[in-house]
Amino acid sequence: EAGVAQSPRYKIIEKRQSVAFWCNPISGHATLYWYQQILGQGPKLLIQFQNNGVVDDSQLPKDRFSAERLKGVDSTLKIQPAKLEDSAVYLCASSLDGTGYETQYFGPGTRLLVL
Amino acid sequence: GDSVTQMEGPVTLSEEAFLTINCTYTATGYPSLFWYVQYPGEGLQLLLKATKADDKGSNKGFEATYRKETTSFHLEKGSVQVSDSAVYFCALSEVQGNNRLAFGKGNQVVVIP
């Protein structure tokens, strides 16, 4: 079974530029998550989708971050404009139906460096 | 909101030593508890989980017991190997937050041959 795919794996941009990350979840998984992991910290949820609807975006900085999940499969996370403090690893995860006890499967992440 | 606290600092130990990583949590309800592991160059993967009080999760020789009375979920392994070198994250699913995962800061474990 293929895992969660993410691209690109690495990205370097200058502040105020825009950047987009792509995620393809495990086939059949209804729930998709985007996390931000700053160096030395645990991942923090940015947004959670159930199929193509947003379940939780309370921790997403909406003035600069946006995300969509077209057709309930792939998802894109965008930052525009980027700030220095956005340097982090962006993790995508998916799960079958988003219940509290089920396993979330993580992709390899995209490492972003903002200069 | 709900939160997880892990012991500070990296852990360095010799092969075949006993490993303990402490994890305590604060939650308003009855969360599920998880340990995730991140091996060098790889993504996060579930190591074990427990969904109710007194449950014991186990996998690959690792164990953790959900202790409601002490709000803890400490990770243990009796005899570590070099291949166990990784970063270990404790996490809970927030009952009040659409079951999103709240992670601790993680502990780097280095096993020396």
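What the table below lists for this structure:
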item: Answer from A:TYR35, A:TYR10 - the residue that is over 22 Å from B:ALA102 (Cβ atoms) and touching a strand residue (DSSP E or B) at 6+ places or on another chain (Cβ under 6 Å); result: A:TYR10
item: Residues of the range B:79-109 satisfying the condition of being of a type outside the set (A, V, I, L, M, F, W, C) and part of a loop (DSSP other than H, G, I, E, B); result: B:SER79, B:GLN81, B:SER85, B:GLU94, B:GLN96, B:GLY97, B:ASN98, B:ASN99, B:ARG100, B:GLY104, B:LYS105, B:GLY106
item: Checklist (1) within 27 Å of A:SER58 (Cα to Cα); (2) part of a loop (DSSP other than H, G, I, E, B); (3) open to solvent by less than 80 Å² (accessible area, probe 1.4 Å) applied to B:GLY1, failing item; result: (3)
item: Filter pass, A:GLN17 being within 12 Å of chain B (Cβ to nearest Cβ) and among the polar types (S, T, N, Q); result: no
item: Some residue of the range B:61-76 being within 12 Å of another protein chain (Cβ to nearest Cβ) and surrounded by 13 or more Cβ atoms within 10 Å (Cβ to Cβ); result: yes
item: Residue count for the range B:20-40, restricted to those that are surrounded by fewer than 19 Cβ atoms within 10 Å (Cβ to Cβ) and closer than 18 Å to B:ASN107 by Cβ; result: 5
item: Total residues in the range B:41-57, condition exposed (fewer than 13 other Cβ atoms within 10 Å of the Cβ) and outside any strand (DSSP E or B); result: 5
item: Members of the range B:7-19 that are among the aliphatic types (A, V, I, L, M), open to solvent by 10 Å² or more (accessible area, probe 1.4 Å) and either more than 15 Å from the chain's Cα centre (by Cα) or closer than 14 Å to B:VAL111 by Cα (or both); result: B:VAL11, B:LEU13, B:ALA17
item: Residue within the range A:86-107 that is part of a strand (DSSP E or B), over 14 Å from A:TRP22 (Cα atoms) and at the interface with chain B (Cβ under 9 Å from one of its Cβ atoms) present; result: yes
item: When residues of the range B:77-95 are limited to those that are over 17 Å from B:GLN38 (Cα atoms) and surrounded by 20 or more Cβ atoms within 10 Å (Cβ to Cβ), the one nearest to the other protein chains (Cβ to nearest Cβ); result: B:SER93
item: Residue list for the range A:62-107, filter: loosely packed, with under 14 Cβ neighbours inside 10 Å, more than 17 Å from A:ILE12 (Cβ to Cβ) and among the charged types (D, E, K, R); result: A:LYS62, A:ASP63, A:GLU68, A:LYS71, A:ASP97
item: Members of the range A:8-54 found to be touching a residue at least 60 places away in the same chain (Cβ under 8 Å), open to solvent by 50 Å² or more (accessible area, probe 1.4 Å) and at negative phi, listed by number; result: A:ARG9, A:TYR10, A:LYS11, A:ILE12, A:GLU14, A:LYS15, A:GLN17, A:SER18
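The values are calculated or read from the model by the stated rules, or taken from the named source; none is laboratory data. Note that this is a predicted model, so its numbers are computed, not measured. Ideal geometry is used to build each Cβ from the backbone, glycine not excepted, and the neighbour counts take in all protein chains shown. Please note that ligands, DNA and RNA were not included when accessible areas were found on the heavy atoms of the full protein model with its side chains. Shrake-Rupley method; radii C 1.70, N 1.55, O 1.52, S 1.80 Å.
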